[in-house]
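Working notes, beginning with the structure itself.
The values are calculated or read from the model by the stated rules, or taken from the named source; none is laboratory data. Treat the numbers as computed from the prediction; the structure is a model and nothing was measured. Every residue, glycine among them, receives a Cβ derived from its backbone with ideal geometry; neighbour counts consider all protein chains shown. In case anyone asks, the SASA skips ligands and DNA or RNA and just uses the protein heavy atoms, side chains included. Shrake-Rupley method; radii C 1.70, N 1.55, O 1.52, S 1.80 Å.
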Amino acid sequence: MPKLRGEAFWRETLRSAHYVVAPMVDQSELAWRLLSRRHGAQLCYTPMLHAQVFLRDANYRRENLYGEACPEDRPLILLPDYSTSLWFSQFCANDPEVFVQAALLAQDYCDAIDLNLGCPQMIAKRGHYGAFLQEEWDLLQRMILLANEKLSVPITCKIRVFPDIDKTVKYAQMLEKAGCQLLTVHGRTKEQKGPLAGVASWEHIQAVRKAVNIPVFANGNIQCLSDVEECIRKTGVHGVMSAEGNLHNPALFEGRNPLVWEMAEEYLEIVRKYPCPLSYVRAHLFKLWHHTLQVHQQLREELAKVKTLEGIVDVNRELKLRCQEEIANQKEGEKPKEGLPFFHWICQPYIRPGPKERCRENGDSGTEKGVRGKRALEEEEDGNSELLSKNKQKKKLRNPNKSFDPSLKPKYAKCDQCGNPKGNKCVFNMCRGCCKKRAFKETADCPGHGLLFKTKYEKSLSWQHSQRGIQTPEISQRGDAEVGETAVLKEAGDS
């Protein structure tokens, strides 16, 4: 079938999907996608997959894509009646060939390939992908052009905005011109994350929607179904994507706020059928039970320590019993505490506190040392255990002489390529990762990193020559001398 593009792709392949669950690292796995679909989601993304690892590691492909395929998650192909519940595969990459080769291995298992240009986390900065590619327009054009040419499924992009609306619009138009068939716009800059997230700009999203001719999804400020409807009305987008709102209330797109234990029990039942790492399950329950765990701190600690799925089920059951006791003892006319819109046992939005609120949560007024963010405790330099994070306090117990003063840390020479610490004995003055790439490309050795590409290549050639019966010059000369000596002896014998 011909590859559908733009509006036709959204209408026919995606069946005009409006409600979208965002790609989330270790959080949009198969079990969670299935739960979200049962409660209104029309389109889901896989977690972000690393293109280079996906390309070289068969186990990674099987664990993250091939092994997860099931009829409920691919209704477009296997169950036509559920054709609105589709999913994308999202890749992070910064090399056109690697991105496309990985996408070719994945295209038969999904309905589109999404290039991740929206991740603002430090891991994306170190790996040079996600939102940290948004200034490299030439590279992005080459990636999308090549993908659009080689792939049998459409290429889509998820981006963050620039502070300037005009630059954001030009960025979106460049991606459309290169071959992007659907654009998701997160209305925050790459600096807006964690406690500094702030409010997403729907004005940026609206400007992009008016400037391009491909479908646009909006992302940001989505906590309930009324937010979805308002966003579509104000921006004119084709659909709305939710991440945190979905994690705290999987029934968001149904427009209802169910009891937390109903969603948790349903999710755990799906996990029994489609297992995933225990860390994923624990993270989902921390989100679902977020407000309740502020009340029952002991159960929060138990949930953090439990080592089995059955253990998590037991903690979930105990949380349910505690909440049911509270409901039974509830006084008439009693209202939710802590300013919540609903009682803590009901699925509801979590409003991420800003820097000032975080300071108050940590017992810091923020006036003496200025406003401090999420990691303020980790930045203290005086060694006072009361001002250290829990992790650093544990390290201090193991080693009382340990200091966290950044000025006392050893200074490392930087890699010429990426800025990471270089190897002390590297012949290229690079870190091991960059050295390996260069040594492989140039077929060179680096004894400092234990990389022997040249040596192994020469040994391989020598072995191939020996297998083919090709003699080295030294052996040939010895053989010729032996033949001559034999001839002389034979001639002497004849005479």
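Region 117-142 and region 327-354 have Cα centres lying 40 Å from one another. A 1.4 Å probe, protein heavy atoms only, puts the accessible area of E265 near 70 Å².
How much of the pair distance distribution for region 6-256 lies past 32 Å, counting alpha-carbon pairs only, in percent?
Values: 3825 of 31375 pairs.
Roughly 12 percent, rounded to a whole number.
Solvent exposure of region 413-455, expressed per residue, is 66 Å² of accessible area, with all protein chains present and a 1.4 angstrom probe. Counting every Cα pair in region 179-218, what percent are over 12 Å apart? Beyond 12 Å sits 59 percent of the P(r) for region 179-218. Near T156, the amide H atoms lying under 5 Å from its own belong to I113, D114, L115, Q181; only residues 5 or more places off or on other chains count, and H is placed 1.01 Å from N.
Cross-link partners of K331 among lysines, defined as those whose alpha carbon lies under 27 angstrom from its own and excluding same-chain residues fewer than eight positions apart: K320.
Carbon-plus-sulfur accessible fraction, region 6-256 (probe radius 1.4 Å, protein heavy atoms only): 50%. Surface composition of region 413-455: carbon plus sulfur atoms hold 49% of the accessible area, using a 1.4 angstrom probe and ignoring ligands, DNA and RNA.
In region 413-455, one over the average inverse separation of all distinct C-alpha pairs is 9.8 Å, which is the Kirkwood hydrodynamic radius. Projected onto planes of every orientation and averaged, the convex hull of the alpha-carbon atoms in region 6-65 covers 4.9 nm².
Where does each of 334-347, 271-284, 120-133, 203-216 land if you order them by average Cβ count within 10 Å, highest first? Could you put the intermediate results ahead of the total?
Numbers: 334-347: 14.2, 271-284: 16.1, 120-133: 17.8, 203-216: 19.9.
The packing order, highest mean first, is 203-216, 120-133, 271-284, 334-347.
Find how much the distance from K425 to E332 grows on full extension, using 0.36 nm per residue of separation minus their present alpha carbon separation; answer in nm with one decimal.
My answer for the length gained is 26.1 nm.
For region 149-204, the solvent-accessible area with a 1.4 angstrom probe is 39 square angstrom per residue.
For D314, put the label point 7 Å out on the Cα→Cβ axis and report which residues of region 286-303 keep their amide N under 14 Å from it. It comes to 299, 302-303, nothing else.
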